[in-house]
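The values are calculated or read from the model by the stated rules, or taken from the named source; none is laboratory data. Bear in mind that the values here come from a model prediction, so they are computed numbers and not experimental data. Counting neighbours? That spans all protein chains shown, and the Cβs are built from the backbone with ideal geometry, glycine included. Side chains included, ligands, DNA and RNA excluded: accessible areas come from the protein's heavy atoms. Shrake-Rupley method; radii C 1.70, N 1.55, O 1.52, S 1.80 Å.
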Amino acid sequence: MKILIVEDEKELVKDITEYLSGENYLCEAAFSYKQAAEKIALYNYDCVLLDLMLPGGDGLQLLQLLKQNNRNSGVIIISAKNATEDKVKGLQIGADDYLAKPFHHSELAARIYSVIRRKQFDNSNFIKHNEIAVDLLAKTVKVKKQEINLTKKEFDLLLFFIGNKNKVISKSALAEHLSGDIADMFDSHDFVYAHVKNLKKKLTDAGYDNYLKTVYGTGYKWEI
Amino acid sequence: MSKLLNKPFKAFTIYALVVLVCSVPVYYMVVDSIWLEELDEHNLIIKERIENRFNTIEINEAELENILKIWNLLQPGTQIIASNLPEVKADSIYTTRRTNAYSSVNEIDRFRGLSSCIYINKKPYHLTIETNVEEADETFLAITLVTFLFFSLLVAGFIVLNRRIAKKIWQPFRNTLNKVKSFNLLTDKNIEFEKSGIEEFEELNTELSKLIERNILIFNQQKAFIENASHELQTPLAILKSKVEMLLQNKDLTEKQSELINSINTPLSRVTRINKNLLLLAKIENNQFAEGEHIDLTTILNENLELLADYIEAKGITIEKKISNPIRVFSNKTLLEILLNNLLINAITHNSVNGKIHIDCVEKRLTVSNTGNSELSSNTLFKRFSISSSETTNSGLGLSIAKEICARYNWQINYTFQNNLHSFSIWF
């Protein structure tokens, strides 16, 4: 799957590319408005990560360009502005998601995963992951065909882990995923531990292979 | 404090009093001397007339004797007595005081007298003329009374004029004062002073305008600096965060290295938080939030509580919510969310483990209280970075943002400490 990263900060592009490389993704980068416009005109991408402040132009214009070309690519705006108006405007024009900088790579990966999945399986909303099957629409999870009851937060966590296979995910990234911007305001994210523990217990009880590992002192890893 | 115009008024009044009091003896002396001089002249004229008349009617010695006898009997003011002195006495003028023998009231009168020598039929006679003069004390009293009457008139006039002048000429000053009073640095609007046509006030207005302009400029520069600085910091912070996360993905990390990376994360997220909040403050100050809508406060409150539920639970905090009536406010939704969030986050982070949070909605007031040990200084509480920086959980900006939002909508926010409860109340 092809991803275009439109972002003028080269270091960030490098890290995002590296982080996503483990997945089935092929990342390309555009560092300016012009470069991005050219690439959008020539190629088709599954997902475009779009910074709004670009040398040579406004990211929102690029978004319009994308929509005019009628490309069926998912768009995630990554912006440092974090202005509600920009967010609303971007989503109105047709962006699929909005992520404020600075973000956790795991959060970005989860969002990309979700956007691409939405675009690809237009009607089917199932994720199969070895013995685990997730029905996104009904929000149900089955392990070995046996349905397990997850809370909303546990369900979110599971999707987050699946979207970040083989990555170490810090507790703060999980906290931010669960409670949004508010997580920023706290240093202690101990509640994450409780949710993960519950999720793990439910999955284990249903007999899944132990994919969810605790990385000492740092966070968790969905190893597959 | 006394009013400015009352100061010269007081001085003027005292000065007028002194001058008028001094004028009383002067008037008296002038009036009295005129009196006496006129009477002397009067007496002299009478003397001349008497002398002249007696000499024009030609009468003999015996008749004269008879007439003088009757004269002296009937004319009490004058006396003509044959002079039997060897030499003629010089004219003399004198003042005498005695009781008026013919008055029913026994009072002392003052008389001005002329004693002179006249010649009738070439024989010397001694003539004395006495005319009543106004009493000195009576003159003095009259002058004093009149003077005080005029003094009262002056003072009354001063008061009336003072009021009128105060109202009229100080009007431009009052206009300026009201404008300056209503000036708010945050609204970013310069003041337009009215033209008064009075040099002093124009000068004052010009200088005030300059001062305000400079203030606005400096304030704007400061705002711009904070905004630019935090904008510039955003990218390096994002990269730093990204790098730390990439480092975590390293498969060969030892336990110690992992711990080190984690301990970088804590201050890093604090810097990110401070930076975010500074940007937010700058945005509120720059009025970069849309005007707003009618919002039900309780809905937002419940949404926020739900988002915070994990943190509340993790600390074992119990929430006691008393909402006696729903509060509807007109504001920007994001700002209202931030305001409530900051208060709630504050109540959570500064709470004790297993503490309590009370949320009360009464009429137009929302109060968020949490358990605490000692009172905080309400003077510095809302200032930026006033809380000790050693507390890593704090950006030091939460309450100043809350205050800024309240100021924007003219809501009142205050802090009280009672029964071991820190309470923040907002009047919408």
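Okay, here's what the table says:
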| quantity | calculated |
| --- | --- |
| Unique match (being part of a helix (DSSP H, G or I), open to solvent by 40 Å² or more (accessible area, probe 1.4 Å) and not assigned by TED's automatic domain parsing to the domain that holds B:Val26) among B:Asn190, B:Asn175, B:Asn205 | B:Asn175 |
| Any chance B:Glu245 is without any contact (Cβ under 8 Å) to a residue 12 or more places away in the chain, touching a His at 6+ places or on another chain (Cβ under 7 Å) and assigned to a helix (DSSP H, G or I) | yes |
| Residue identified as β-branched (Val, Ile, Thr), out of contact with any strand residue (DSSP E or B) (no Cβ under 6 Å at 6 or more places or on another chain), surrounded by 14 or more Cβ atoms within 10 Å (Cβ to Cβ) and more than 7 Å from every other protein chain (Cβ to nearest Cβ) among B:Ile312, B:Ile319, B:Ile327, B:Ile323 | B:Ile312 |
| Residue satisfying condition, being in contact (Cβ under 8 Å) with a residue 60 or more places away in the chain and more than 21 Å from B:Ile401 (Cα to Cα), within set B:Thr235, B:Thr266 | B:Thr266 |
| Index of the failed condition, B:Glu245 passing every other in (1) open to solvent by 70 Å² or more (accessible area, probe 1.4 Å); (2) touching an Asp or Glu at 6+ places or on another chain (Cβ under 8 Å) | (1) |
| Pick from segment A:81-108, criterion open to solvent by less than 20 Å² (accessible area, probe 1.4 Å), more than 7 Å from every other protein chain (Cβ to nearest Cβ) and assigned to a helix (DSSP H, G or I), ranking: nearest to A:Lys165 (Cα to Cα) | A:Ser106 |
| A:Thr151 vs. criteria of a type in the set (Val, Ile, Thr) and open to solvent by 50 Å² or more (accessible area, probe 1.4 Å) | yes |
| Residue list for segment B:40-80, filter: at pLDDT below 85, among the β-branched types (Val, Ile, Thr) and touching a Ser or Thr at 6+ places or on another chain (Cβ under 8 Å) | B:Thr78 |
| Criterion violated by B:Lys256 - all others in (1) under 30 Å from A:Ile78 (Cα atoms); (2) facing another protein chain (nearest Cβ under 10 Å); (3) open to solvent by 40 Å² or more (accessible area, probe 1.4 Å) satisfied | (1) |
| Options B:Ile50, B:Ile81; residue that is in the same structural domain as B:Glu135 (by TED's automatic domain parsing), in contact with a strand residue (DSSP E or B) (Cβ under 7 Å, 6 or more places away or on another chain) and open to solvent by 70 Å² or more (accessible area, probe 1.4 Å) | B:Ile81 |
| Residue within segment B:221-236 that is open to solvent by less than 40 Å² (accessible area, probe 1.4 Å) and within 8 Å of chain A (Cβ to nearest Cβ) present | yes |
| Out of B:Leu397, B:Leu381, B:Leu421, sole residue that is modelled with pLDDT under 85 and away from chain A (no Cβ under 14 Å) | B:Leu381 |
| Residue identified as within 30 Å of B:Lys47 (Cβ to Cβ) and in contact (Cβ under 8 Å) with a residue 24 or more places away in the chain among B:Leu154, B:Leu127 | B:Leu127 |
| Subset tally (residues that are within 11 Å of chain B (Cβ to nearest Cβ) and in contact with a Pro (Cβ under 8 Å, 6 or more places away or on another chain)) for segment A:1-34 | 1 |
| So A:Ser188, is it at the interface with another protein chain (Cβ under 9 Å from one of its Cβ atoms) and part of a helix (DSSP H, G or I) | no |
| Which numbered condition B:Tyr27 misses (of (1) more than 27 Å from B:Ser152 (Cβ to Cβ); (2) open to solvent by 90 Å² or more (accessible area, probe 1.4 Å)) | (1) |
| Any pair with Cβ under 6 angstrom, 6 or more apart, that starts in segment A:16-45 at a residue that is of a type in the set (Lys, Arg) and ends at one that is open to solvent by 50 Å² or more (accessible area, probe 1.4 Å) | A:Lys34/A:Gly56 |
| Test for B:Leu208: is it under 24 Å from A:Lys14 (Cβ atoms) and more than 9 Å from chain A (Cβ to nearest Cβ) | no |
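Table: residues versus (1) touching a residue at least 12 places away in the same chain (Cβ under 8 Å); (2) surrounded by fewer than 20 Cβ atoms within 10 Å (Cβ to Cβ); (3) facing chain B (nearest Cβ under 7 Å); (4) out of contact with any helix residue (DSSP H, G or I) (no Cβ under 6 Å at 6 or more places or on another chain).
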residue: A:Phe161; (1), (2), (3), (4): yes, no, no, yes
residue: A:Ala173; (1), (2), (3), (4): yes, no, no, no
residue: A:His177; (1), (2), (3), (4): yes, no, no, no
residue: A:His195; (1), (2), (3), (4): yes, yes, no, no
